[in-house]
Amino acid sequence: MSTKRNGLLALLGLGALAWWKYQNSTPEEQQAVKDKINTAKDNFNKWGNDLKNKASEVAQQVQQKVDQTKTSVEDSVNQS
């Protein structure tokens, strides 16, 4: 329990330090931080969209295989 509390306190301290440093930086430095955050956000969204598209493609391929198997089983039953 104390490990979690210590970790949370360390994270809170780092956040406070980052906020203080950001507040005391120049407008150019603040804009650089904003640009980095926006770039990271855009990259994360792109990665999420790529992952979603890949999952859709896999689902379509699986459905096609199921349909092919179903058709071949029905054909084999009808021929017997």
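Kindly establish whether GLU74 is free of Cβ contacts under 8 Å to residues at least 40 places away in the same chain, among the acidic types (Asp, Glu) and open to solvent by 100 Å² or more (accessible area, probe 1.4 Å).
no
Modelled with pLDDT under 95 and either under 29 Å from the mean Cα position of the chain (by Cα) or not acidic (Asp, Glu) (or both): is that true of LYS52 in this structure? Even if it seems obvious, please write down each step before you answer.
Details: modelled with pLDDT under 95: no; either under 29 Å from the mean Cα position of the chain (by Cα) or not acidic (Asp, Glu) (or both): yes.
Criteria not met by LYS52.
Given the residues ASP75, ASP42, ASP50, which is the only one that is within 30 Å of TYR22 (Cβ to Cβ) and either hydroxyl-bearing (Ser, Thr, Tyr) or part of a helix (DSSP H, G or I) (or both)?
Matching residue, one of ASP75, ASP42, ASP50: ASP42.
The values are calculated or read from the model by the stated rules, or taken from the named source; none is laboratory data. Because the structure is predicted, anything quoted here is derived from the model rather than measured. In this analysis, Cβ positions are derived from the backbone assuming ideal geometry, glycine residues included, and neighbour counts consider all displayed protein chains. Areas reflect the complete protein model, heavy atoms only, side chains present, ligands, DNA and RNA absent. Shrake-Rupley method; radii C 1.70, N 1.55, O 1.52, S 1.80 Å.
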